[in-house]
Amino acid sequence: MTLPERLAQYHAAEGAEEYLDEYRKFHRKLSDRREHHLLDKYFLHIGKIHSALDLPCGWGRYMPYLRAQGAEVLEADYSGSMVAKVVEVFPDTPLLGRMRCFGHRIPLANRSMDLVFSMRLSHHLADPVVRREHVQELFRVADRYVIFSYFDRASLKNAIRRARTAVGLCKKRPKNTLGRAQVKSLAEEAGFRIVQDPMLFVVGSGHRLVLAERK
């Protein structure tokens with residue numbers, strides 16, 4: 001699970017406001033542009049969708065995009081302040097619903113959502129068991145498609161972090177990663193196949209953005 005102090009900060013009203021401010025920064029706008037570029041390609045394959053679970057929804061930055069693909073959107077997040085921020089940022093926007101939950105314990109039935117969408121949660125989950133359970137939950141709840149990001153264990157950025165840590169040049173915690181083969185195995189166990197899983201950026205980012213489709 002995410003570290004307790006991080007969860008408390010994220011749940012607070014101040015944390016929700018800081019997260020909104022974070023996406024006004026140049027490097028965030030750059031990664032956001034890249035994410036949208038990949039998603040546009042994914043939806044050429046997917047076509048229109050009927051419903052989407054957006055978890056973690058944050059302040060709703062992807063909610064309008066998902067609605068533009070035809071989906072009724074259920075916004076979900078651990079942070080009650082984040083879920084409330086969605087309504088503040090996008091007033092009078094119809095939603096399928098809003099709820100607060102953990103990413104590895106989703107209170108929805110099997111195959112209850114056409115698409116399950118989870119951007120930038122996995123790498124915040126410090127416990128490897130919880131990271132695995134999060135991915136399993138995404139596949140369980142999705143009827144047709146799953147789109148999610150994770151930090152690749154074999155990425156250049158992770159290799160650099162590990163090397164710097166080994167020689168005492170980095171004091172940061174190790175990255176919270178998943179292996180590419182591990183993700184493929186979890187998908188296959190759930191009856192899905194990985195359609196695409198490119199790196200967000202080969203240099204400067206360790207994230208992969210996965211599109212998985214039920215077989």
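The values are calculated or read from the model by the stated rules, or taken from the named source; none is laboratory data. As the structure is a computational prediction, the values presented were derived from the model and not from experiment. No Cβ is skipped: glycine too gets one built from the backbone with ideal geometry, and neighbour counts run over all protein chains shown.
One residue is enough: does region 72-87 have a residue meeting the conditions over 25 Å from VAL130 (Cα atoms), in contact with a Lys or Arg (Cβ under 8 Å, 6 or more places away or on another chain), of a type outside the set (Phe, Trp, Tyr) and touching a residue at least 40 places away in the same chain (Cβ under 8 Å)?
Among the residues of region 72-87, not one is over 25 Å from VAL130 (Cα atoms), in contact with a Lys or Arg (Cβ under 8 Å, 6 or more places away or on another chain), of a type outside the set (Phe, Trp, Tyr) and touching a residue at least 40 places away in the same chain (Cβ under 8 Å), which makes the answer no.
So which residues in region 181-199 are surrounded by 15 or more Cβ atoms within 10 Å (Cβ to Cβ), closer than 24 Å to ASP114 by Cα and not acidic (Asp, Glu), if there are any at all?
GLN182, VAL183, LYS184, LEU186, ALA187, ALA190, PHE192, ILE194, VAL195, GLN196
Could you check how many residues of region 178-212 are in contact with a Ser or Thr (Cβ under 8 Å, 6 or more places away or on another chain) and either part of a loop (DSSP other than H, G, I, E, B) or among the basic types (Lys, Arg) (or both)?
Result for region 178-212: 5.
I'd like to verify a number: residues in region 128-175 that are over 22 Å from LYS215 (Cα atoms) and either among the charged types (D, E, K, R) or in contact with a Phe, Trp or Tyr (Cβ under 6 Å, 6 or more places away or on another chain) (or both), how many?
Final tally of qualifying residues: 11.
Condition first: more than 15 Å from ILE106 (Cα to Cα) and touching a residue at least 24 places away in the same chain (Cβ under 8 Å). Now tell me which residues in region 55-71 satisfy that. Show your work before the answer.
Restricting attention to region 55-71, the residues satisfying the condition of being more than 15 Å from ILE106 (Cα to Cα) are 58-71.
Residues satisfying the conditions are GLY58, TRP59, GLY60, ARG61, TYR62, MET63, PRO64, TYR65, LEU66, ARG67, GLN69, ALA71.
Can you work out which of the residues in region 8-61 that are among the acidic types (Asp, Glu) and at pLDDT 80 or above is nearest to ARG131 (Cα to Cα)?
Taking region 8-61 as the starting set, the residues that turn out to be among the acidic types (Asp, Glu) are 14, 17-18, 21-22, 32, 35, 40, 54.
Within this subset, residues satisfying the condition of being at pLDDT 80 or above are 32, 35, 40, 54.
Numbers: ASP32: 23, GLU35: 21, ASP40: 26, ASP54: 17 Å.
Filtering first and then ranking leaves ASP54.
Does region 158-172 contain any residue that is assigned to a loop (DSSP other than H, G, I, E, B), under 14 Å from the mean Cα position of the chain (by Cα) and not basic (Lys, Arg)?
There is no residue in region 158-172 that is assigned to a loop (DSSP other than H, G, I, E, B), under 14 Å from the mean Cα position of the chain (by Cα) and not basic (Lys, Arg).
List every residue pair whose Cβ atoms lie under 7 Å apart, where the two residues are 6 or more positions apart in sequence or sit on different chains, the first residue falls within region 105-126 and is among the aromatic types (Phe, Trp, Tyr), and the second residue, located anywhere, is crowded, with 20+ Cβ neighbours inside 10 Å and assigned to a strand (DSSP E or B).
Every condition considered, the pairs that remain are PHE117/ALA52; PHE117/LEU53; PHE117/ASP54; PHE117/ILE147.
Does region 149-172 hold any residues that are within 29 Å of LEU138 (Cα to Cα) and either touching a residue at least 12 places away in the same chain (Cβ under 8 Å) or β-branched (Val, Ile, Thr) (or both), and which are they?
If the condition is that a residue be within 29 Å of LEU138 (Cα to Cα) and either touching a residue at least 12 places away in the same chain (Cβ under 8 Å) or β-branched (Val, Ile, Thr) (or both), then SER149, TYR150, PHE151, ASP152, ARG153, ALA154, SER155, LEU156, LYS157, ASN158, ARG161, ARG162 are the ones that fit.
How many of the residues making up region 128-175 are closer than 24 Å to LEU115 by Cβ and polar (S, T, N, Q)? Show your work before the answer.
Step one: filter region 128-175 for residues closer than 24 Å to LEU115 by Cβ, giving 130-152.
With the extra rule that they be polar (S, T, N, Q), the set shrinks to 136, 149.
So the answer is 2.
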